[in-house]
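Below is one structure, written out as structure tokens; comments come after it.
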Amino acid sequence: MVTVPELVPSVGALQRALDAEDYLADEGLATAVFLAVRMRQPLLLEGEPGVGKTQIAKALARLLNTELFRLQCYEGISAGEALYEWNYPRQLLGIRLAEARGVELAETELFGRDYLLRRPLLQAIEHPGPRPAVLLLDEIDRADAEFEAFTFELLAEAAVTIPELGTVTAEHPPIVILTSNRTRDLHDALTRRCLYHWIDYPGPERIAQIVRRRVPSSSQALATEAAAAITRLRSLDLVKPPGIAEAIDWVSALTVLGIEQLSGRSVEQTWGSVLKNRDDLDVAAARGGAWVAEAAHG
Amino acid sequence: MADRGLQPSIEAAALAAGFSTALHRAGLPVSPDRAARLAEALRLVPPTDRAALYWACRVVFVSQQQHLARFDAVFSAVFDGRLDPAESRGDPNAPPAVGSETRTKAAPPTNRPAGAPEPQPDRPPAPLPGADSADGDTDGPERDAILALASSDEHLHEMAFADLDPEELDRLRQLVARIVLSTPTRSSRRRHPSPHSRDRLDVARTVRAAQRTGGDPITLHHARRRQTPRRLVLLCDVSGSMEPYTRVFLTLLQGAASGARAEAFVFSTHLTRLTRQLALRDPDQALAQAAATATDWAGGTRLAASIRRFIDDFGRRGLARGAVIVLFSDGWAQDDPADVDAQMARLRRLAHRIVWVNPRKAAAGYRPLVGGMAAALPYCDAFVSGHSYAALADVAAAIRGDLHPIDHP
């Protein structure tokens with residue numbers, strides 16, 4: 001059995017392993033993930049939408065060859081959706097069936113493991129190994145503050161008490177990655193317990209590398225040009241500055257159209273895959289496609 | 001396994017403790033357990049070069065993006081002076097080593113216009129509006145030094161708007177445009193589904209849902225009152241005496257009108273509604289349109305008449321009811337204080353909160369004794385200065401309702 005420290009002996013090794021999973025991490029992000037994995041501390045990732053906060057958790061789970069449990073947070077999420085719930089309809093059905101068959105049904109049978117709906121937090125804690133699961137709490141800022149506190153309490157203890165069944169303790173406490181889009185300030189108690197990394201928006205060379213990985217059919221020249229053009233677009237005051245996802249979409253669109261070099265015309269033809277807001281289109285159109293394409297060739 | 005640090009000269013625990021002290025002095029919230037965490041991190045990631053050390057420290061110590069700039073400044077002040085002693089040898093301006101930064105102090109900003117008053121030195125540095133400052137309790141000078149390193153804009157925060165030159169004012173307006181004003185909420189009439197079982201049972205929905213399952217109420221539906229933010233109404237005095245402040249206040253009005261859907265009015269001799277003009281996304285265009293619409297800029301002030309116009313034409317019809325009303329004015333008015341008193345009393349009966357922003361409040365020895373101001377004050381829930389960027393945080397807090405009510409004499 002291969003243990004986690006053997007799989008990721010150093011920051012460099014982790015960086016190479018992520019690379020093999022098609023995730024290009026810079027030294028800062030690799031250090032953060034490495035420390036989270038080895039120090040067994042939750043890692044809070046923040047950054048603009050589309051810089052790969054969610055993807056890193058997926059890549060990490062793949063390279064550790066372990067399960068990924070993902071909990072997408074939203075406003076009003078409750079313990080029932082995060083931890084466990086009793087399968088109420090199934091319990092009712094069980095009672096009806098027992099009545100119909102004339103069988104005695106003890107109450108403890110109704111609250112057995114069969115009737116338990118396991119949600120991601122419980123699944124991550126129950127994960128049998130051999131390596132800990134990766135638990136991704138996505139967009140934790142969307143959940144209420146009380147839910148945040150509850151989750152942390154639970155992860156700190158790595159144990160869940162279900163009144164009817166008893167306590168479930170994790171054999172391999174999960175590796176926890178949290179992401180936040182900064183829609184609200186997270187509680188101090190949470191940030192204090194976490195390692196933190198702010199993922200910066202990457203430079204044009206890195207964007208071009210990522211695009212090449214994600215759109216293998218694109219040419220190196222086109223990816224480089226598109227990355228430069230996206231960087232120039234981001235210098236405008238846009239409501240939704242194009243991110244990496246837009247860069248990938250854009251290059252795919254250009255590749256599908258058979259365009260091999262950016263020009264003012266081809267940029268204007270494909271605005272729709274880069275700018276997704278009416279106001280932004282107006283701002284960019286005022287500058288013109290030629291101005292954007294110029295960045296690529298200048 | 002990772003072996004022990006490759007540079008025996010750096011003892012991890014001592015380094016962690018020293019560095020966390022330096023960060024704490026710079027006003028970053030650093031708890032003692034972080035230092036222990038860094039010591040462990042350095043065991044796993046041996047600090048063989050600056051980058052490795054930097055990332056390990058940053059991942060452990062920083063927990064908010066806003067702190068990154070300050071962290072970077074402290075890091076380079078501490079380590080770039082220390083790890084490479086050759087660079088700083090014989091250079092009196094070199095960044096200080098650990099523990100010695102108490103003696104350094106940034107040069108005071110020199111581009112202040114002659115005759116401008118000193119910014120008050122013992123006010124704490126500006127917390128960002130909106131971010132509740134848990135880190136505001138460290139002492140002054142050494143912290144200022146590192147803050148000045150962190151951002152060249154910081155010195156603008158404490159300066160009164162009246163003392164800024166046009167270029168600084170432009171930079172400041174960009175900062176002000178980012179301030180988000182939010183009002184307290186009220187319960188709306190409408191209910192909406194709630195996932196929490198502590199809320200009231202929505203009997204109608206539960207029964208409807210039970211019909212699908214043969215009359216057994218399998219899922220219980222709950223509902224709660226929807227919360228909606230109260231309306232925000234901003235009234236800005238644009239008379240001659242307020243001129244140094246109007247540009248910044250209008251930027252604030254513009255941001256609120258376009259972002260927080262506030263209602264914006266300006267007045268000097270008469271009242272003009274500018275909500276539609278200011279609700280454009282481009283601030284310069286919005287201000288240009290507003291300037292073309294309101295015709296009495298920099299005139300005299302008719303405070304009571306303007307408030308009466310506001311109540312008669314807009315407020316009574318619903319605009320002011322249950323709203324948070326913010327008045328930006330120095331209270332120097334031509335009308336009779338008795339009239340101001342009467343109109344403020346009417347406004348008080350309509351509004352949820354009244355916040356008065358008077359930039360003259362910041363002046364030493366200022367007392368609200370001028371006729372109009374003295375008459376209006378008893379009706380206000382909060383009285384703040386708003387004369388500088390830092391003071392605008394108080395305005396935002398007063399609007400949110402976090403600021404304690406003023407003591408009425």
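Where a number appears in this text, it was derived from the coordinates with a stated rule and is not lab data. Remember, it's a predicted structure, so these values are computed and weren't measured experimentally. In this analysis, Cβ positions are derived from the backbone assuming ideal geometry, glycine residues included, and neighbour counts consider all displayed protein chains.
Kirkwood radius, segment B:187-229, all distinct C-alpha pairs, inverse of mean reciprocal distance: 10.9 Å.
Note: relative contact order over segment A:204-297, using C-alpha pairs below 8 Å and six or more positions apart, is 34 percent.
What is segment A:192-298 by shape, rounded, prolate or oblate, if you read a ≥ b ≥ c off the alpha carbon gyration tensor as root eigenvalues and call it rounded for a/c under 1.5, prolate for a/b larger than b/c, and oblate otherwise?
Taking the square roots of the gyration eigenvalues as a ≥ b ≥ c, segment A:192-298 is oblate.
The slack between B:Asp80 and B:Asp170, meaning 0.36 nm per residue of separation minus the straight C-alpha distance, is 29.0 nm. Within segment B:224-263, find all residues whose amide N lies under 14 Å from a label point positioned 7 Å from the Cα of B:Ala204 along Cα-to-beta-carbon. Only B:224-225 pass the distance filter. Each Cα pair under 8 Å and six or more residues apart adds its sequence gap; the mean of these over the residue count of chain A is a relative contact order of 20 percent. Under the shape rule built on the C-alpha gyration tensor, where the axes satisfy a ≥ b ≥ c, chain A is prolate, since a/c reaches at least 1.5 and a/b is greater than b/c.
Within chain A, antiparallel bridges make up roughly 30 percent of the DSSP beta bridges whose residues both belong there.
Relative to the current alpha-carbon distance between A:Ser263 and A:Arg278, full extension at 0.36 nm per residue lengthens the span by 3.2 nm.
As an equivalent ellipsoid, segment A:1-145 spans semi-axes of 40, 18, 11 angstrom, where each value is the square root of five times an eigenvalue of the C-alpha gyration tensor, largest first.
Of the GluC sites (Glu not before Pro) in segment A:48-83, the ones in a loop by DSSP (not H, G, I, E or B) with at most 13 other beta carbons within 10 Å are A:Glu75. For the pair A:Thr161 and A:Asp114, label points projected 7 Å from Cα toward Cβ lie 2.8 nm apart. Measuring between their Cα centroids, segment B:35-59 and segment A:44-117 lie 37 Å from each other. Among the trypsin sites (Lys or Arg not before Pro) in segment A:164-227, those located in a DSSP loop and surrounded by at most 16 other Cβ atoms within 10 Å of their own Cβ are A:Arg182, A:Arg184. Computed over segment B:232-400, the quotient of the alpha carbon radius of gyration and 2.2 N^0.38 Å is 0.93. Counting beta carbons within 10 Å around each of B:Tyr54, A:Tyr196 and listing the fewest first gives the order B:Tyr54, A:Tyr196. Computing FRET efficiency as 1/(1 + (r/R0)^6) for A:Arg70 and A:Leu92, where r is the C-beta to C-beta distance and R0 is 30 Å, gives about 0.50.
Among the chymotrypsin sites (Phe, Trp or Tyr not before Pro) found in segment A:53-135, those both in a DSSP coil and sparsely packed, with 14 or fewer other Cβ atoms within 10 Å of their Cβ, are A:Tyr74.
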